[in-house]
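Read through the structure below, which is laid out as structure tokens, and then see the notes.
The numbers here are math on the coordinates, done by the rules we state, and not lab data. The shown structure was predicted, so the numbers you read here are calculated from the model rather than taken from an experiment. Here the Cβ is made from the backbone with ideal geometry for all residues, glycine too, and neighbour counts use every protein chain on show.
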């Protein structure tokens, strides 16, 4: 799994700059209500402008159907699927059966606990498939991410065992002046 992902890439120049700055993944947003939403064709041209294998292409989806995700993954040549909406735990198992790609499940945490994440992962276990990683973002009413709000990183230390050993990806409000603190915290 990647170490640094720059999300919301909409232009080739930004993808190249992210790669040259050391990112090993780019997030390509397919949520039609996002100002950073792009088409599968745009995503393909952005990814194809980079050297082969330079970065992982992560498709960010919010409440998309299984068929839509599969079609975009193929058209855009995506490496990783990120579910950032209200997708049911059963979708993790269904996607993994249909598409041979790692799946990241994003959560918008409302407080300083991972209760919601824990319940979701338990349901995933019952459905037969955990996600490959967990992304934790800050909750903002009516938003699915991209708000610039920070998660309580200190609480993630206490709560991390509830992630069942899955890789943890931080998101939300990470800036040059606070990213080192966030990394140290978790």
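Overview of results
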item	result
Efficiency of FRET between residue 41 and residue 86 - r from beta-carbon atoms, R0 41 angstrom, step 0.05	0.95
At q = 0.08, 0.13, 0.18 Å⁻¹, base-10 log of I(q)/I(0) for the chain (Debye sum, equal scatterers on each alpha carbon)	-0.23, -0.64, -1.28
Computed lengthening from residue 184 to residue 14, 0.36 nm per intervening residue step minus Cα-Cα distance	58.5 nm
Distance in nm between pseudo-label sites at residue 94 and residue 32 (7 Å out along the Cβ direction from Cα)	1.8
Theoretical FRET efficiency, 1/(1+(r/R0)^6), r = Cβ-Cβ of residue 126 and residue 71, R0 22 Å, to 0.05	0.20
